[in-house]
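To start, the structure itself, in C-alpha cells.
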Amino acid sequence: MELPQNYDPKIAEPKWQKYWQEQKVFQFKPKSKAQIYSIDTPPPYASADHLHVGHGMHYSQFEFIARYKRMRGFNVFFPMGYDDNGLPTERYVEKKHNLDKSKISRKEFIKLCIEDTKITGQTYHDLFTRLGFSIDWNLLYHTIGDKARRVAQISFLDLYKKGRLERTDYPTMWCTTCQTTIAQADLGNVDITSHFNDVVFKCGGQDLIISTTRPEMLSACVALFYHPDDARYAQLKGKFAAVPLFNYEVPILSDESVAQDKGTGLMMVCTFGDKDDMEKWHKYMLPLRITIDEAGRMNQLSGKYAGKKLKAARAEIIEELKSVGLLIRQQQITHAVNTHERCGTEIEFLKKPQWQIKVLDQKEELLEIAQKVNWYPEHMKVRYEHWVKNLQWNWGISRQRYYGVPFPVWYCKKCRGILLPEEKDLPVDPREEKFKGKLNGKCSCGSTEFIPEMDVMDTWMTSSCTPEINADWGGKKERKDFLPMSLRPQAHDIIRTWAFYTLTKSYFHHHNIPWRNIMISGHGQDPHGQKMSKSKSNFIVAQDVIDKYSADAFRFWAASVKLGDDLPFQEKDVLTGQKFATKLWNASKLSLKHLEGYHPKNLNKPLEVFDKWMLSKLQKLIKLSTESFDQYEYSKSKAEVENFFWHVFCDYYLEIVKDRLYNPEKRGVKNRQSAQLGVYQGLLNVLKLMAPIMPHITEEIYQLYFAGKEKKKSVHAADWPEANEKLIDGFSEGVGALGVDVISTVRKFRSANQMSMKDELQEIVLVSELPDFQKKIALIIDDLKAVMKVKELKFEGETTLESETFKIQVGIIK
RNA sequence: GGGCCCAUAGUCCAGCGGUUAAGACGUUUCGUUUACACCGAAAAGAUCCCCGGUUCGAUCCCGGGUGGGCCCACCA
C-alpha cells in the first residue's frame with residue numbers, strides 16, 4: 001500500500017489520543033481475569049501553572065512501563081490523582097493572589113483554593129494527554145475529594161485504634177511564615193553566615209561567658225549547663241546566674257551532653273532554641289519561657305523588644321549588649337540552619353497541642369518492611385534506610401491551616417474526652433458538622449457540648465494513602481485483594497516523604513507492603529546540568545517542547561537516560577527522536593508498499609540467508625528488550641531497538657532486499673516472499689518494541705497495515721513480541737556479518753573514489769583465508785551483487801583494497 | 001562529619017575482565033541511490049579522571065585520592 005508522503009504528528013498525535021479514549025484502550029477492567037498490574041501514580045501537587053521537562057521526563061518513564069505491561073497482557077490499573085489539598089496548594093494560592101491566611105476568612109480562602117486547583121487540574125489533564133499518557137481517567141482522584149478525605153480519616157481512626165496516635169503539646173517545629181507546625185520531613189537547610197556572640201552572664205561577682213548564635217533568645221533562657229567533668233565550671237554547681245539585659249536568675253546545671261570544647265563549654269538552654277534545649281528542658285523539668293509568637297515576633301516576656309521580628313530583635317539586642325559591655329567578642333561563622341523546605345523560613349519551636357503518629361519506636365520494623373519491596377534502582381533503598389535510621393521526631397500531622405483534610409475529631413467540653421465518628425459517617429468536617437457518634441450525639445459523660453478540632457491534616461497524611469485511595473478503602477467499590485499494588489513510581493527527592501510515609505502507613509494499617517516494586521526516577525535538569533527553577537529562569541516548559549516537536553520525540557528524550565539518573569535537557573536529543581519517527585515513517589513507506597497481498601503462508605521454501613540473519617538478530621533484540629523492560633530499564637530497550645532499526649534493518653537489510661522486492665521476475669517470487677516475511681516481521685516487531693516509548697507514530701503505522709492482519713484495535717492492545725528460539729541462527733548471522741563486511745568495504749571504496757552509490761561496478765574479486773569463504777558467499781551472492789551494484793563477483797585475481805577477511809578488486813563500467 | 005551516585009571523543013551518553021571502546025549531536029569530505037537530504041557513504045576526533053593493588057591481561061574488579069551531583073547530620 002502507498003503511504004502519504006509525510007507523517008504529521010500535529011495531526012496524528014491528537015487523533016490517536018482521541019481514538020484511544022474512544023476505544024477505551026486504557027480502561028481498567030474490574031471483572032477481567034487477567035492479572036492486574038497496578039500503578040500508584042504520583043499525584044502531582046496542584047500548585048503549578050506549568051510543568052517543566054523534568055516532570056514530563058519522570059512521568060514518561062513509568063508511562064513506558066504501563067504500556068509495556070499492557071502489551072504483556074496485564075490488566076493495567078493506571079490512575080491519575082491530583083494532590084490538591086494542603087500546604088503546597090495553599091502556598092500556591094497565597095502567592096498567586098498575594099494574600100496570607102490571616103487576612104482572609106477560612107471560607108473565602110478555601111473557595112480560592114478550589115477554584116485554582118480546578119484550573120491546575122485542567123492544565124495537568126491537557127499535558128498528560130498531550131504526552132500520550134495511557135491513563136484511565138475514570139480512576140482519577142483528588143486528595144481533597146470525598147474519597148481521599150474518607151480514606152485519610154479512616155486511616156486516622158485506624159491509627160488511633162492501634163495506639164499509633166497521640167496528641168501532645170510537646171514542643172514542635174514551627175514555621176513562622178506558614179504559621180503551622182511542620183514535620184521533620186518538611187525540613188530543608190540552608191547555610192548562613194552568622195556570629196558566635198560571647199555574652200556575659202553574672203554569677204555573684206564572676207563573669208560567665210556564653211557563646212551563642214541567637215542572642216535574641218536570651219529572654220527565653222531557663223538554665224545554664226556545663227559538662228560534669230569540666231573542672232572550669234565545677235564550682236558553679238547549685239549556683240544561679242543573671243541573664244544579661246533581662247536580669248532574672250537561672251540555675252546552673254550540669255549534663256553529660258554538653259560539649260566541653262564547643263564555645264566556652266558553658267551553654268544556655270532556652271525554650272526553645274533547638275531540639276537539644278527541648279530535651280534538657282524536659283529532663284530537668286525547667287520552667288517555660290516562650291518569647292516568640294506564631295508569626296515570629298517577640299512577645300511581652302522580651303520587654304521592650306516585644307512586637308519586634310526575631311532578626312530585628314537580634315540586631316538590637318547585640319547593640320545593647322555591646323553598649324553595656326556584656327558582649328565581649330563576636331566571631332563570624334557559617335553554619336547550616338533548618339528551614340521549612342516549602343518557604344525557606346528558618347524554623348522555630350513552639351509548644352502547640354498536636355496530633356502525631358508514633359514512628360520512632362518502630363524504626364526496625366520500618367526498615368524491615370522496606371526489604372520486602374523491590375527497589376529500582378536498588379541503591380535508592382539506601383536513602384530510605386538512612387532516613388529511617390536518622391529519624392528524630394515522630395510524624396506530626398497537625399497543620400494550623402485551612403485547606404486540607406479535617407481531623408475527624410471533636411473534644412468534649414466537659415470531660416475533655418476525644419470523640420471520634422463512626423467509619424460509616426466519613427468523611428466528616430467537625431468544623432462544619434455536629435458530632436453524631438454511637439450515643440446519639442452524646443459524649444459518654446453525657447455532655448452534648450463539643451469543640452471541633454480546627455486543625456487540618458498534613459497533606460502527606462492523605463497522599464501516604466494513595467494505595468488505599470486506589471483500592472477505595474472503606475468505599476462501596478472497595479477492591480479487595482488489590483493491595484499491595486504492583487508499582488510505585490516516583491522521583492528520588494521524595495523518598496523521605498512519600499515513599500517513607502506510604503510504607504509507614506501500609507505497615508501500621510495492614511502489616512504489609514504497599515507495593516511490590518518501586519521505580520525511582522532522576523531529575524530532568526537544564527542543559528547545563530543545573531536544577532530547573534523559575535527563579536533561575538532556566539525553566540523549560542514541557543508543553544513548549546511538545547508543541548515544537550512532538551510527544552513521541554519528547555518521550556524519546558525521556559527514554560534516553562537510565563532509571564534513577566538525572567538527565568540534562570538537550571534539545572538535540574528531542575530532535576533525534578523526531579528524526580527517528582521520520583525514519584520509521586519512511587522505512588514503513590517502503591516496507592508496506594511491498595507487503596501488498598502478502599501472506600506468510602505462501603512461503604514454502606527456506607528463507608534466504610540475509611533474511612535469517614536479520615530475523616536472528618531480531619529475536620535477540622526481542623529478548624533483550626523484554627528483559628530490560630522487566631527490570632524497568634526502558635532506556636536500554638530503547639537504545640537497542642533504535643540501533644537495530646536504523647543500522648541493521650534500514651542501513652543494511654532494507655537495502656539488501658530491495659532488489660528481491662522490486663524484481664521478482666529476475667530474483668524469483670519465492671525469494672521475494674522470503675524478503676516480505678523479513679520485512680513484515682522486522683517492521684512489526686520494531687513497531688511493537690518501540691510502542692511504549694513512541695506510542696503515536698507506532699500506532700499510526702500499525703493501523704495502516706498491521707491492525708488488519710493481527711485483528712487488534714491498537715498496537716497498544718497487541719501482544720508483546722516473543723522471541724522465537726528457532727530463528728536464532730548462528731550460522732546465518734556469521735554469513736550475514738561476512739556479507740555486511742563486504743558491502744561496507746565496497747562502500748568505503750566508492751566513498752574514497754567519490755563514486756555515486758548507483759554507479760555500477762564491473763567486477764569485484766574477493767579473496768579470503770576464511771574456511772568455506774567461497775561457499776558462504778555463494779549463499780548470498782545474488783543479494784550482494786544487487787545491493788553493491790556489481791556485475792560480477794569473483795574469488796581470485798589482483799587486489800586493490802583490503803579488509804580483514806578478504807581482498808577485493810573492482811572494475812568500473814562507464 | 002557520614003552516606004549514596006557519577007567521572008568514557010568538543011557535547012550527551014552506551015558498554016565491558018581480552019572489543020578495531022557502540023551510538024547520537026557537532027566537524028570534514030563525497031553522493032540528487034526509484035523509503036527517507038529530518039537522507040546515504042566515508043573520515044577525523046578518546047592518556048576510558050589520577051595513583052596503587054588483584055590478574056597472564058583492567059576502561060571494567062578492589063583500595064586510596066581528586067573533581068562533580070544528591071541525601072543526611074552539625075546548628076548551644
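The values are calculated or read from the model by the stated rules, or taken from the named source; none is laboratory data. Keep in mind that what you see is a predicted model, and the values were worked out from it rather than measured. Here Cβ is always computed from backbone atoms with ideal geometry, including for glycine, and neighbour counts include all displayed protein chains. Protein only, heavy atoms only, side chains kept; ligands, DNA and RNA dropped before computing areas. Shrake-Rupley method; radii C 1.70, N 1.55, O 1.52, S 1.80 Å.
Could you tell me what % of all Cα pairs in chain A have separations over 38 Å?
Details: 182071 of 330891 pairs.
So the portion of pairs separated by more than 38 Å is 55 percent.
Taking 4.7 Å between C-beta atoms as the pairing limit, chain A has these partnerless cysteines: A:113, A:203, A:221, A:270, A:343, A:465, A:650.
Surface composition of chain A: carbon plus sulfur atoms contribute 49% of the solvent-accessible area (1.4 Å probe, protein chains only, all chains present).
Based on protein heavy atoms only, chain A ends up with 43 Å² per residue of surface accessible to a 1.4 Å probe.
In segment A:441-529, Cα pairs under 8 Å separated by at least six residues give a relative contact order of 30 percent.
Sorting A:385, A:468 by accessible area puts them as A:385, A:468; the probe is 1.4 Å, largest comes first, and only protein heavy atoms count.
Taking Cα pairs under 8 Å and at least six residues apart, what relative contact order does segment A:214-322 come out at, in percent? Before the final figure, lay out the partial values.
On the way: 174 pairs, mean separation 31.5, N = 109.
Relative contact order of segment A:214-322: 29 percent.
Remark: accessible surface ordering of A:324, A:740, A:428 (largest first) is A:324, A:740, A:428, probe radius 1.4 Å. Within segment A:362-458, the proportion of Cα pairs with more than 24 Å between them is 47 percent. For chain A, the share of DSSP beta bridges that are antiparallel, to the nearest 5, is 70%. Within the same chain, lysines fewer than 8 places from residue A:666 are excluded, and of the rest, those with a Cα less than 20 Å from its Cα are A:593, A:605, A:658, A:758, A:785, A:789, A:791.
Whole-percent P(r), segment A:692-796, all Cα pairs, 5 Å bins from 0: 2, 10, 16, 14, 9, 8, 12, 12, 10, 5, 1, 0.
Given a 1.4 Å probe and heavy atoms of the protein chains only, how would you sort A:253, A:3, largest accessible area at the top?
Values: A:253 45, A:3 15 Å².
Largest accessible area first, the residues go A:253, A:3.
So if I take the alpha carbon set of segment A:614-660, get Rg, then get Rh from the Kirkwood formula, what is the Rg over Rh ratio? Don't jump to the answer; show the numbers that get you there.
Values: Rg = 12.1 Å, Rh = 11.1 Å.
Reported Rg/Rh, Kirkwood definition of Rh: 1.08.
Projecting the Cα atoms of A:692, A:465, A:779 onto the charge dipole of chain A (Cβ charges, centred on the Cα centre) puts A:465 farthest toward the positive pole. Only beta bridges with both residues in segment A:212-273 are counted; by DSSP, about 75 percent of them are antiparallel. Efficiency by 1/(1 + (r/R0)^6): what FRET value for residue A:481 and residue A:167, r their Cβ-Cβ distance, R0 = 30 Å, to the nearest 0.05? The formula returns an efficiency of 0.30 here. Are there DSSP H segments in chain A that both extend 24 Å or more along their axis (alpha-carbon positions) and score a mean Kyte-Doolittle hydropathy of at least 0.0? List them, or say none. Counting only whole DSSP H runs, the qualifying helices are A:669-690, A:730-752. When each of the peptides A:181-187, A:313-319 is scored by the mean number of other C-beta atoms lying within 10 Å of its residues, the order from highest to lowest reads A:181-187, A:313-319.
How high is the relative contact order of chain A, in percent, counting Cα pairs under 8 Å that sit 6 or more residues apart? Mind dumping the intermediate values first?
Working: 1440 pairs, mean separation 121.7, N = 814.
The value is 15 percent.
Using every Cα-Cα pair within segment A:733-785, state what percent have a distance larger than 18 Å. Everything past 18 Å amounts to 33 percent. In segment A:318-348, whose amide N lies under 20 Å from the spot 7 Å out along Cα-to-Cβ of residue A:191? List them in ranges. Within reach of a label on residue A:191, which here means backbone N under 20 Å from a point 7 Å along Cα→Cβ, segment A:318-348 contributes A:331-341, A:344-347.
Assuming R0 = 45 Å, can you tell me the calculated FRET efficiency for the pair residue A:330 and residue A:547, based on Cβ-Cβ distance, to the nearest 0.05? The partial results should precede the final answer.
Details: r = 56 Å, r/R0 = 1.24.
Once rounded, the FRET efficiency stands at 0.20.
Taking 16 Å as the straight-line reach from the Cα of residue A:670, the aspartates and glutamates in range (excluding those fewer than 8 positions away in the same chain) are A:596, A:608, A:611, A:659, A:782, A:783. Only protein heavy atoms count here; under a 1.4 Å probe, residue A:349 has an accessible surface of about 20 Å². Applying the criteria of a DSSP loop state and at most 13 other Cβ atoms within 10 Å to the GluC sites (Glu not before Pro) of segment A:758-798 yields A:760, A:769, A:796, A:798.
FRET efficiency for the pair residue A:665 and residue A:365, taken as 1/(1 + (r/R0)^6) with r the Cβ-Cβ distance and R0 = 51 Å, rounds to 0.10.
Go through A:237/A:280; A:579/A:688; A:15/A:476 and tell me which ones have a Cα-Cα distance over 26 Å in this structure.
Check vs 26 Å cut-off fails for A:15/A:476.
When both segment A:75-98 and segment A:404-419 are represented by their alpha-carbon centers, they are found 27 Å apart. Computed over the alpha carbons of segment A:1-67, Rg followed by Dmax gives 16.4, 49 Å.
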